[in-house]
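In what follows, a structure is listed as structure tokens, so that the remarks can point back to it.
Read-outs throughout are calculated quantities, based only on the coordinates presented, and are distinct from any laboratory measurement. Everything numeric in this text was worked out from a predicted model, so none of it was measured. FYI the Cβ positions are ideal-geometry reconstructions off the backbone, even for glycines, and counts take in every protein chain you see.
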Amino acid sequence: MQVTTQRSSLFSSIREAVMGNTHRDFTEESIGRAIMFLAVPMMLEMMMESLFAVVDMFWVAHLGADSVATVGFTEALLTLIYTIALGLSIATAATVARRIGEKDPQAASETAAQAIMMGAIIAIAVGVTAGIFAPQLLALMGASPAVVKVGAGYARAIFGGSGTVLLLFLINAVFRGAGDASLAMRVLWTANLINIVLNPLLIFGIGPFPRLGVTGSGIGTTIGRGIGVLLQLWMLTNSWSRVVVHAREFHIRPAVMWKLLRLSLGGMLQYFVGTSSWILLIRMTAPFGSVVIAGYTIMLRIILFALLPSWGMANAAATLVGQNLGAKKPERAESAVWRAGFYNMILLGIVAIVFVTFARQLVGIFTGDEAVKQVAASALRIISAGYIFYAWGMVAIQAFNGAGDTVTPTLINLFCFWACQLPIAWWLAFHTALAHNGIFAAITISQSTIAVIGMLAFRRGKWKLQKV
């Protein structure tokens, strides 16, 4: 009877987490339940993002290695836009969480309005420039003339609509910082469900839709993201969130915007270090040909299918750190991080076993090309070997960001990515028999190093003194 009651209570709590409850105070709730209420919708949100990435790659893979390589090159460049979006999101989520913890929702609303305006300005500038020069950007990445010819339309659609990425990240950061994780989940579920339905229709020309090939994937993705942004704005201005932004708040407040920008620059630099490293890694794979690029891209989609939900757990820890520091409860913030890290380790440990054991079968879902399959399966096994370390590293880095300390993660990334990952990848790939597998091994080594250094730095506790 007691077991049945506990199960009923657990399912009831999970249902509440998914549906959302704006009345819970996460600075007072038990730490385990607070993590659950935040992490469950965040993980479901990221699982849908992962599902879309996997399903989209499934369809694109039917078009051949050049189309898959197009997606790989484009997404490598898109990570620079993600750098801007993530930097702004770190600042926004940390500031909103701190204001909510201080019980000052009006200041949180001001932060949200300034962040959205800043994001919109950047989105217009980046989208227009990158959209115009999309073919040249592909060529700069080392794409062959055949890949540029196939992928120019896809790259233009993705880069031209990159503003939707910025705004999706920013507004969902407002929701997460406020503790409204279920709203962020609903937005991405809506956007990605539209993507999942629309992309194959446009890729293959099903029914009344034109056959656009890989370009159709880019157009469908941009449309889905754009609808997601409209839904976010409606939620934010119609009292769905704890943070409500009224039209009168959309005017520039220099002090608030400068504070956000200053904090964002640290976050942007942090992610620039990481994303530029990924770009250089895919550039290193270019000499090995489209088969290796295609295998790398398929592997990355499968990897993200597991890592993105784990980022949901890490984001839950970040929200709890920000809100509890705002409520003057630093020890509670620290306990939340250790608990979230443990949960994340269990989750990714199970996934690692599955990926290592069934790597070839998983890769076979996306391609029948034996050469591509061999590359992707090998990469999947090598990178999955470090999953337990990744679990702790993700939570540690997001804990610093949740506190508003973007300097520590930046220094960790500088050392682990630029000083370790890139030289090791280059040496292993071009000076040992590992060849392209050396690049994958370098990823595992550097990510594991991030976890060790990150948790050691977290234990020092200087993040508890961070002002936002």
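The modelled label-to-label distance between Ile124 and Arg460, using points 7 Å beyond Cα along the C-beta direction, is 4.3 nm.
In the range 11-169, Cα pairs under 8 Å separated by at least six residues give a relative contact order of 25 percent. Remark: spin-label model distance Leu193-Val407 equals 4.6 nm, labels positioned 7 Å along the Cα→Cβ axis.
A simple spin-label model places the labels of His246 and Arg360 6.5 nm from each other, with each point 7 Å out along Cα-to-Cβ. Radius of gyration over Kirkwood radius for the range 121-239, both on Cα atoms: the Rg/Rh ratio is 1.04.
Positive-end ranking of Phe250, Ala306, Gly226 along the dipole of the chain, with charges on Cβ about the Cα centre, is headed by Phe250.
Computed from point charges on the beta carbon alone (+1 for Lys and Arg, -1 for Asp and Glu), the dipole magnitude for the chain about its Cα centre is near 660 Debye. A straight chain from Ser335 to Leu261 at 0.36 nm per residue would run longer than the Cα-Cα distance by 23.7 nm. Short-range pairs are left out: with C-alpha atoms under 8 Å and at least six residues apart, the relative contact order of the range 176-293 is 19 percent.
Can you tell me, using C-alpha contacts under 8 Å and at least 6 residues apart, the relative contact order of the range 126-173 as a whole percent? Don't jump to the answer; show the numbers that get you there.
Working: 35 pairs, mean separation 24.4, N = 48.
RCO, the range 126-173: 51 percent.
The range 332-396 has equivalent-ellipsoid semi-axes of 31, 9, 8 Å, by the square roots of 5 times the alpha carbon gyration tensor eigenvalues, sorted largest first. For the range 371-468, a Kirkwood hydrodynamic radius built from all Cα pairs, placed in the Stokes-Einstein relation at 20 °C and 1.002 mPa s, yields a translational diffusion coefficient of 149 µm²/s. Calculated mean residue ellipticity, 222 nm, the chain: -28000 deg cm²/dmol, from DSSP H runs (n ≥ 4) at -39500 (n - 2.57) each, averaged per residue and rounded to 500. Compactness of the range 31-465 was expressed as the Cα radius of gyration divided by 2.2 N^0.38 Å, which yields 0.93. Shown for the chain: lysine pairs separated by 8 or more places, or found on different chains, whose C-alpha atoms are under 20 Å apart, numbering 13.
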